[in-house]
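Right, one structure below, let's go through it.
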Amino acid sequence: MTTLNELMLLLQAGFVQRAFIIGLIVAVLSSILSVFIVLKRVSLIGDGLSHTAFGGLALGYYLDIVPLWVAAVVVVLGSLGITRAIRSTRISSDAAVAVFLQLGLSSGIVLISLARGFGISIESLLFGSILLVNLDQIIIASVILVGVLGVIFLFYKELVYTTFSETQARASGVQTWFFDYLVAILAGVVVIAAIPIVGVLLISALLVLPALTSIQIGKSFKQTIIMSPIFGIASAFLGLFVSLIFDIASGATIVLMAMAIFVAVLGAKRVSAR
Amino acid sequence: MDLNLGANQPIVELENVRVDYPGGVQAIDKVNLEIFEKDLIGLIGPNGAGKSTLLGVILGLIKPNHGSVRLFGEALKPKNLRLIGYVPQKAQLIDTSFPATVDETVLLGRVPGAGLFHRLNKEDHLRAEEAMKILGIDGLKERRIGQLSGGQFQRVFIAKAIVDKPKLLILDEPTTGVDSLSKSEFYHTLSHLNRDLGITILLSSHDIGIVTKLANKIACINRTLYFCGPTSEFETSSALSKLYDYPAGLMTHDHP
Ligand SMILES: Nc1ncnc2c1ncn2[C@@H]1O[C@H](COP(=O)(O)OP(=O)(O)O)[C@@H](O)[C@H]1O
Ligand SMILES: [Mg+2]
């Protein structure tokens, strides 16, 4: 365990400060999107996309061309495919997502084992390395943050209506197919931005938990979407603190913290309802 | 809005419409239907008769396998759908855990009309206020929709459907699961919307007794339309007796 003194020193270290900044960005991105994802009942989309991204990253390393860009292309294609499958009435949507997930994961692992020794650890892909983030990554993530929030702001009312009820929105002339794809593509972009930081396994949790928590206590949609990033940021910061103090895996601790906040809020709601 | 409609041009025209669902169910066939401005049409038929399917075709939700749909004198397109307010069958309304308040829900009805890239403004809020008053739910504005009674919930969705001043209001089995007191109040509201605000109404129901009192026209469906005309003619026609050829239980119960 780290002493208080050591912790204070750590907090002054550049790499720790960068971790907090990137944690903030990833938390805001994922928790705002999570509201749409959870309420659209496509919570598994983050899972499907992050494993597709894993396959994409492995392909990028295997081909030895900018892995993140290869992964980005694969994820965007994956999000189009997953949305198409979800919108289809012939396949059940959880099965569709599961297929993408398994395809991404297994082809990724095959590619990595084919090119043994290209110097990435599966572990860093799966769990990320938030304490190794550099300035460039922060800049890229900030650009993505501004872009994603801008798109959501631009199409806010249509996104809300499509999320509320795809059928009713479509019946009144909203081009809901566009907004379904848009949410999936935004999720794909967030997944790609977040994988180097929190990893494949954890980003899908961050695309669900903050919204699950805020839906419990939001008195309106507006409150819900405002509280979600607050819970997201709280999870990221508390998780980082705890992981520094106990010197444990940061990404996983952040997710456990998001889970703990969810359980605490549920409990508080139960108690206050009595 | 100028619709360029002649006095006698129908606002909805279905011609020889057929819908087959995957699995070989032929839900509706050879359906011809015209709806004129100011009509209040009751679409009646037993469960599984194809009422929701027919409404879905008019709303562009279901693409017919055969036949054509025209709205307001034009082919079906998003712009024309904006002139229709729609209240789905209760079970399909929405998941009650959705964290929206009553006024947020009603405001959604203004989204398509406002157009892309435009924020909802004061005018939209005023219209929502108005619609909630008409439905008598203005006192519930801040409630989360999950905390409403069945009748209140219903009214919220009707307010949402009329908030953009539609030419046509479509309601799918609006009284299923609503108690009889709310029912009569509800029909009162509908005839107010129709007579005083000039909204054309198409509602489906298997509650023949009340619909014939309310509607000026009746359309009877069981896979195909076998009657469509003024209520007075319906009452003296053989359609009613044909209707009762189906097991009576299907017609009189509110539950499938
Ligand atoms: N999505 C669907 N897939 C397959 N069959 C369907 C579907 N929806 C409705 N049906 C069938 O089509 C027929 C008409 O259904 P519907 O239009 O819902 O009738 P109603 O609204 O009058 O009860 C029924 O036999 C029903 O089982
Ligand atoms: Mg029906």
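The values are calculated or read from the model by the stated rules, or taken from the named source; none is laboratory data. Please read these numbers as outputs of a predicted model, since none were measured by experiment. Methodologically, a virtual Cβ is constructed for each residue, glycine included, from the backbone with ideal geometry; neighbour enumeration extends over all protein chains shown. Heads up: the accessible areas ignore ligands, DNA and RNA and are worked out on the full protein's heavy atoms, side chains in. Shrake-Rupley method; radii C 1.70, N 1.55, O 1.52, S 1.80 Å.
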Q. Checking B:Val25 against (1) crowded, with 19+ Cβ neighbours inside 10 Å; (2) over 23 Å from B:Leu197 (Cβ atoms), which single condition isn't satisfied?
A. (1)
Q | Count of residues meeting criterion [crowded, with 17+ Cβ neighbours inside 10 Å, away from ligand 2 (no atom under 16 Å from the Cβ) and in a loop (DSSP other than H, G, I, E, B)] in segment B:33-66 | A | 4
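Test B:Lys51 against the stated conditions and say whether it is over 14 Å from B:Ile11 (Cβ atoms), away from chain A (no Cβ under 14 Å), within 16 Å of ligand 1 (Cβ to nearest atom) and under 13 Å from the mean Cα position of the chain (by Cα). Please lay out each step first, then the result.
Values: over 14 Å from B:Ile11 (Cβ atoms): yes; away from chain A (no Cβ under 14 Å): yes; within 16 Å of ligand 1 (Cβ to nearest atom): yes; under 13 Å from the mean Cα position of the chain (by Cα): yes.
Yes: the conditions hold for B:Lys51.
Tell me, yes or no, whether segment A:63-80 has at least one residue that is assigned to a loop (DSSP other than H, G, I, E, B) and among the hydroxyl-bearing types (Ser, Thr, Tyr).
From segment A:63-80, those assigned to a loop (DSSP other than H, G, I, E, B) are A:64-66; that's our starting set.
Narrowing the set further to residues that are among the hydroxyl-bearing types (Ser, Thr, Tyr) leaves none.
So far as segment A:63-80 goes, no, none of its residues is assigned to a loop (DSSP other than H, G, I, E, B) and among the hydroxyl-bearing types (Ser, Thr, Tyr).
Residue-wise test of (1) hydroxyl-bearing (Ser, Thr, Tyr); (2) more than 16 Å from ligand 2 (Cβ to nearest atom); (3) surrounded by fewer than 17 Cβ atoms within 10 Å (Cβ to Cβ).
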| position | (1), (2), (3) |
| --- | --- |
| B:Leu76 | no, yes, no |
| B:Val87 | no, no, no |
| B:Asn121 | no, yes, yes |
| B:Gly136 | no, yes, yes |
| B:Lys141 | no, yes, yes |
| B:Gly146 | no, yes, yes |
| B:Arg155 | no, yes, no |
| B:Leu171 | no, no, no |
| B:Thr175 | yes, no, no |
Q: Consider only pairs whose beta carbons are under 7 Å apart and that are at least six residues apart or on different chains; among these, list those whose first residue lies in segment A:142-163 and is farther than 21 Å from A:Ile233 by Cβ and whose second residue is charged (D, E, K, R).
A: A:Thr162/A:Asp180; A:Thr163/A:Lys40
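Do you know which of the residues in segment B:74-88 that are in contact (Cβ under 8 Å) with a residue 60 or more places away in the chain and not aliphatic (A, V, I, L, M) is farthest from ligand 1 (Cβ to nearest atom)?
B:Arg82
Here is a yes/no grid of residues against (1) farther than 30 Å from A:Arg87 by Cβ; (2) touching a Cys at 6+ places or on another chain (Cβ under 6 Å); (3) open to solvent by less than 40 Å² (accessible area, probe 1.4 Å):
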position: A:Leu7; (1), (2), (3): yes, no, yes
position: A:Arg18; (1), (2), (3): yes, no, no
position: A:Ile21; (1), (2), (3): yes, no, no
position: A:Ser31; (1), (2), (3): no, no, yes
position: A:Phe36; (1), (2), (3): no, no, yes
position: A:Ser43; (1), (2), (3): no, no, no
position: A:Asp47; (1), (2), (3): no, no, no
position: A:Ser50; (1), (2), (3): no, no, yes
position: A:Gly55; (1), (2), (3): no, no, yes
Q.
Pairs please, first residue from segment A:75-89 and within 14 Å of chain B (Cβ to nearest Cβ) and within 15 Å of A:Arg41 (Cβ to Cβ), second anywhere and away from ligand 2 (no atom under 16 Å from the Cβ) and of a type outside the set (A, V, I, L, M, F, W, C), Cβ atoms under 7 Å, 6+ apart in sequence or on different chains.
A. A:Arg87/A:Asp180
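Considering each residue of segment A:193-213, count those that are closer than 10 Å to A:Ser34 by Cα, over 9 Å from the mean Cα position of the chain (by Cα) and open to solvent by less than 20 Å² (accessible area, probe 1.4 Å), and give that number. Break it down stepwise before answering.
Just the residues of segment A:193-213 that are closer than 10 Å to A:Ser34 by Cα, to begin with: A:204-212.
This time we only want the ones that are over 9 Å from the mean Cα position of the chain (by Cα), so: A:209-212.
If we keep only those that are open to solvent by less than 20 Å² (accessible area, probe 1.4 Å) too, we end up with A:209-211.
Selection size over segment A:193-213: 3.
May I ask you to list the residues in segment A:213-237 that are of a type outside the set (D, E, K, R) and within 11 Å of another protein chain (Cβ to nearest Cβ)? Let's see the steps before the verdict.
Step one: filter segment A:213-237 for residues of a type outside the set (D, E, K, R), giving A:213-218, A:220-221, A:223-237.
A:Ser214, A:Ile215, A:Gln216, A:Ile217, A:Gly218, A:Ser220, A:Phe221, A:Gln223, A:Thr224, A:Ile225, A:Met227, A:Ser228, listed by residue number.
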(Q) Any residue at all in segment B:89-102 that's touching a residue at least 24 places away in the same chain (Cβ under 8 Å), outside any strand (DSSP E or B), away from chain A (no Cβ under 14 Å) and open to solvent by 10 Å² or more (accessible area, probe 1.4 Å)? (A) no
Q. Out of all the residues in segment A:88-100, is one or more more than 30 Å from A:Ala115 (Cα to Cα), in contact with a helix residue (DSSP H, G or I) (Cβ under 7 Å, 6 or more places away or on another chain) and open to solvent by 10 Å² or more (accessible area, probe 1.4 Å)?
A. yes
Q: All but one of (1) open to solvent by less than 70 Å² (accessible area, probe 1.4 Å); (2) more than 10 Å from ligand 1 (Cβ to nearest atom); (3) in a strand (DSSP E or B) hold for B:Val19, so report the exception by its number.
A: (2)
Q: Go through (1) more than 9 Å from chain A (Cβ to nearest Cβ); (2) part of a loop (DSSP other than H, G, I, E, B); (3) of a type in the set (A, V, I, L, M) and name the single condition B:Val69 misses.
A: (2)
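Go through A:Val189, A:Val174 for me and flag whichever is aliphatic (A, V, I, L, M), out of contact with any strand residue (DSSP E or B) (no Cβ under 8 Å at 6 or more places or on another chain) and away from chain B (no Cβ under 14 Å).
Unique residue meeting the criteria: A:Val189.
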(Q) Can you report the number of residues in segment B:106-161 which are without any contact (Cβ under 8 Å) to a residue 12 or more places away in the chain, assigned to a loop (DSSP other than H, G, I, E, B) and more than 9 Å from every other protein chain (Cβ to nearest Cβ)? (A) 3
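Based on what the data block shows, is B:Ile218 modelled with pLDDT of 90 or more and either open to solvent by 70 Å² or more (accessible area, probe 1.4 Å) or of a type outside the set (Asp, Glu) (or both)?
Details: modelled with pLDDT of 90 or more: yes; either open to solvent by 70 Å² or more (accessible area, probe 1.4 Å) or of a type outside the set (Asp, Glu) (or both): yes.
Answer is yes for this residue.
Tell me the residue from B:His192, B:His188 that is surrounded by fewer than 21 Cβ atoms within 10 Å (Cβ to Cβ) and either more than 16 Å from B:Ala159 (Cβ to Cβ) or at pLDDT 90 or above (or both), please. So that I can check it myself, show each step before the final result.
Working: B:His188 fails: either more than 16 Å from B:Ala159 (Cβ to Cβ) or at pLDDT 90 or above (or both).
Result of the check over B:His192, B:His188: B:His192.
Of the residues A:Arg84, A:Arg41, A:Arg90, which is more than 16 Å from the chain's Cα centre (by Cα), assigned to a loop (DSSP other than H, G, I, E, B) and basic (Lys, Arg)?
Values: A:Arg84 fails: assigned to a loop (DSSP other than H, G, I, E, B); A:Arg41 fails: more than 16 Å from the chain's Cα centre (by Cα).
Being more than 16 Å from the chain's Cα centre (by Cα), assigned to a loop (DSSP other than H, G, I, E, B) and basic (Lys, Arg) holds for just one of A:Arg84, A:Arg41, A:Arg90, which is A:Arg90.
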Q. Taking into account only those residues within segment A:162-171 that are open to solvent by less than 20 Å² (accessible area, probe 1.4 Å) and facing another protein chain (nearest Cβ under 7 Å), which is nearest to B:Val87 (Cα to Cα)?
A. A:Gln168
Q.
Given the criterion more than 15 Å from the chain's Cα centre (by Cα) and open to solvent by 30 Å² or more (accessible area, probe 1.4 Å), identify the matching residue among A:Leu256, A:Leu238.
A. A:Leu238
**Q.** Residue that is farthest from ligand 1 (Cβ to nearest atom) [pool: residues in segment B:170-211 that are of a type in the set (A, V, I, L, M, F, W, C) and assigned to a helix (DSSP H, G or I)]
**A.** B:Leu181
